[in-house]
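Here is the structure we will look at.
The values are calculated or read from the model by the stated rules, or taken from the named source; none is laboratory data. The shown structure was predicted, so the numbers you read here are calculated from the model rather than taken from an experiment. Methodologically, a virtual Cβ is constructed for each residue, glycine included, from the backbone with ideal geometry; neighbour enumeration extends over all protein chains shown. These accessible areas exclude ligands, DNA and RNA; they are computed on the full protein's heavy atoms, side chains included. Shrake-Rupley method; radii C 1.70, N 1.55, O 1.52, S 1.80 Å.
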Amino acid sequence: GVDLQVCTPKNPTCCTKEMEERYQTAAKQDIQQVLQTSSATLKFLISRNAAAFQESFEMLIRLAENYTSALFCNAYRNMAAEATVRVQEFFTDVGLFIFGTDVSTEEFVNRFFDTLFPLVYNHVINPGLTDISLEYAECLRVARRDIRPFGNIPKKAMGQMGRSLLPSRTFLQALNLGIEVINTTDHPHFSKDCSRALLRMQYCPHCQGLTLSKPCMGYCLNIIRGCLADTAEVDLHWRGYIQSLEELSSAMSGAYDIEHVLLNFHSLVSDALAQARINGPELSEQVNKICGPPVRKPTQSPGCSFDQNKDNQGLKMFSRDSKETLANRRKEFISHLRLYRAFYGSLADQLCGNELAAADGLPCWNGEDVVRSYTHRVVGNGIKAQSANPEVKVKGTDPVISQIIDKLKHVIQV
């Protein structure tokens, strides 16, 4: 054992340099394994809910789209086929927005009412035997914002969509970031000094034939707190993250609850159409001034091709009185997540207490020998506290951890 780097005992040893190197690799793998085990339930909680909320939002969008298409099929059959295409485009945009694409709610609400106006004009305000020409329809589309055939309903829809969709989008983004944080801290970068300390703690006693001895609690805490000093820095921001998720979740209920807004969108559209019908004569006059009299082309509008029974399963899932509302599911998720507020602050204690260290009062390994108790000072968590660590030298912050902290700060601001 003359050429050993770390496990240098006073007495003869059964370790060679090659064994020491293999123990070194094993020590790092062991800690990684223990880390992943300790975060597994938290990671599962977040990823399972991220998937469940995403699926619920998809279902909700599909349902809202069906409600709106059904409105045209039932009350405006002659324009239903064309209107259904517009409805589909609108709800595709809703989905793109919630799942993180950069589309503006204002823009796609405006686009929906812009493209709806030529249809309403052609079939409700000034119906003829044939459809208006494409050029004329384009003129109507462009003129919609000036003519305001639907009164203030587009503006109302914009307010509701903006205020209900943005929190849901942020909520999903935050959950995905939560998973990223855990994946990052599950795979820490161990410095050379920390790797040697782990080896000394876990496998050097083997070189003296002490295969059953476990490290003393204080000794284990010093080493794990030293090795996870960067990870402990996540603690403050993780607590802030959970608190802001909680605040976001409670702000998502009420009048701007996404379920309420999306499932009632069809009644807004219904009000918009009724308003256009009532003001028909005045609207016709305004249109004549801007676009001239209607120019028609010889085609026939197809009827309604929308299958209303397709998603009745979904209706049962989203019945308004059920306990399965999104608001209840969010509440339940947040109450589980709150139990993990101190996860990063108590990580070293958890690892030493549950897995690594000897129980109190038992003989334990202090890095050199089996003793009755560890006599060095035990340092606290985080980078500042490590300057006094007798077992591990800690230099600077890991850039990967700094980056994940920045992402947490950003999502908390959002």
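Just to be sure before I move on: is Val400 among the hydrophobic types (A, V, I, L, M, F, W, C), open to solvent by 60 Å² or more (accessible area, probe 1.4 Å), more than 30 Å from Gly209 (Cβ to Cβ) and touching a helix residue (DSSP H, G or I) at 6+ places or on another chain (Cβ under 9 Å) in the structure I sent?
Details: among the hydrophobic types (A, V, I, L, M, F, W, C): yes; open to solvent by 60 Å² or more (accessible area, probe 1.4 Å): yes; more than 30 Å from Gly209 (Cβ to Cβ): yes; touching a helix residue (DSSP H, G or I) at 6+ places or on another chain (Cβ under 9 Å): yes.
Yes: the conditions hold for Val400.
Would you check which residues across the range 178-187 are assigned to a helix (DSSP H, G or I) and surrounded by fewer than 19 Cβ atoms within 10 Å (Cβ to Cβ) and list them?
Step one: list which residues in the range 178-187 are assigned to a helix (DSSP H, G or I), which gives 178-185.
Within the range 178-187, Ile179, Glu180, Asn183, Thr184 qualify.
What is the residue count in the range 369-395 for residues that are in a loop (DSSP other than H, G, I, E, B) and in contact (Cβ under 8 Å) with a residue 12 or more places away in the chain? Explain how you work it out, then say what you get.
We begin by selecting, within the range 369-395, every residue in a loop (DSSP other than H, G, I, E, B); these are 369, 372-383, 389-395.
Among the residues that remain, those that are also in contact (Cβ under 8 Å) with a residue 12 or more places away in the chain are: 373-374, 376-383, 389-395.
Total satisfying the criteria: 17.
Please go through the range 188-219 and pick out each residue that is under 18 Å from Ile383 (Cα atoms), open to solvent by 20 Å² or more (accessible area, probe 1.4 Å) and either among the aliphatic types (A, V, I, L, M) or in a loop (DSSP other than H, G, I, E, B) (or both).
Pro188, His189, Phe190, Ser191, listed by residue number.
Closer than 30 Å to Ser47 by Cα and either in contact with a strand residue (DSSP E or B) (Cβ under 7 Å, 6 or more places away or on another chain) or not small (Gly, Ala, Ser) (or both): does that describe Leu175? Break it down into steps so the answer makes sense when it comes.
Working: closer than 30 Å to Ser47 by Cα: yes; either in contact with a strand residue (DSSP E or B) (Cβ under 7 Å, 6 or more places away or on another chain) or not small (Gly, Ala, Ser) (or both): yes.
Criteria met by Leu175.
Give the residues of the range 65-100 that are at pLDDT 95 or above, under 18 Å from Phe117 (Cα atoms) and among the aromatic types (Phe, Trp, Tyr), sorted by residue number.
Matches in the range 65-100: Phe90, Phe91.
For residues that are charged (D, E, K, R) and in contact (Cβ under 8 Å) with a residue 60 or more places away in the chain, scanning just the range 34-63, find the one that is nearest to Val87 (Cα to Cα).
The extreme case among them is Arg62.
Give Glu282, Glu332 a once-over and let me know the one that is farther than 23 Å from Glu55 by Cβ, of a type in the set (Asp, Glu), open to solvent by 20 Å² or more (accessible area, probe 1.4 Å) and modelled with pLDDT of 80 or more. Working first, answer last.
Numbers: Glu332 fails: farther than 23 Å from Glu55 by Cβ.
Result: Glu282 is the single residue among Glu282, Glu332 that is farther than 23 Å from Glu55 by Cβ, of a type in the set (Asp, Glu), open to solvent by 20 Å² or more (accessible area, probe 1.4 Å) and modelled with pLDDT of 80 or more.
How many residues are open to solvent by less than 10 Å² (accessible area, probe 1.4 Å) and touching an Asp or Glu at 6+ places or on another chain (Cβ under 7 Å) if we restrict to the range 220-249?
So the count comes out to 3.
Looking at the range 290-313, is at least one residue among the aromatic types (Phe, Trp, Tyr), at pLDDT below 90 and outside any helix (DSSP H, G or I)?
Within the range 290-313, the subset among the aromatic types (Phe, Trp, Tyr) is 306.
Now drop any that are not at pLDDT below 90, which leaves 306.
Adding the requirement that they be outside any helix (DSSP H, G or I) leaves 306.
Checked the range 290-313: at least one residue is among the aromatic types (Phe, Trp, Tyr), at pLDDT below 90 and outside any helix (DSSP H, G or I).
With the requirement that a residue be in a helix (DSSP H, G or I), under 18 Å from Gln275 (Cα atoms) and open to solvent by less than 20 Å² (accessible area, probe 1.4 Å), what does the range 137-166 give you?
Step one: filter the range 137-166 for residues in a helix (DSSP H, G or I), giving 137-147, 153-166.
Cutting the leftovers down to under 18 Å from Gln275 (Cα atoms) gives us 140-141, 143-147, 153-158.
Answer for the range 137-166, where residues must be in a helix (DSSP H, G or I), under 18 Å from Gln275 (Cα atoms) and open to solvent by less than 20 Å² (accessible area, probe 1.4 Å): Leu140, Ala143, Arg144, Ile147, Ile153, Pro154, Ala157.
Take Leu134 and tell me if it is under 18 Å from Leu96 (Cβ atoms) and open to solvent by 40 Å² or more (accessible area, probe 1.4 Å). Before the answer, list the steps.
Details: under 18 Å from Leu96 (Cβ atoms): no; open to solvent by 40 Å² or more (accessible area, probe 1.4 Å): yes.
So Leu134 fails the test.
Would you check which residues across the range 335-346 are of a type in the set (A, V, I, L, M), open to solvent by 10 Å² or more (accessible area, probe 1.4 Å) and touching a residue at least 24 places away in the same chain (Cβ under 8 Å) and list them?
Of the residues in the range 335-346, the ones of a type in the set (A, V, I, L, M) are 337, 339, 342.
Next, from what is left, pick out any that are open to solvent by 10 Å² or more (accessible area, probe 1.4 Å): 339, 342.
Hit for the range 335-346 is Ala342, nothing else.
Before we move on, is Val411 in a loop (DSSP other than H, G, I, E, B) and among the aliphatic types (A, V, I, L, M)? Reasoning before the result, please.
Numbers: in a loop (DSSP other than H, G, I, E, B): no; among the aliphatic types (A, V, I, L, M): yes.
Judged against the criteria, Val411 is not a match.
Would you say Arg62 is touching a Gly at 6+ places or on another chain (Cβ under 8 Å) and at pLDDT below 95? Reasoning before the result, please.
Working: touching a Gly at 6+ places or on another chain (Cβ under 8 Å): yes; at pLDDT below 95: no.
Here the answer is no, as Arg62 does not meet what is asked.
Return only the number of the condition from (1) closer than 30 Å to Ile224 by Cβ; (2) at pLDDT 95 or above; (3) among the hydrophobic types (A, V, I, L, M, F, W, C) that Ile31 does not satisfy.
Ile31 satisfies every listed condition except (2).
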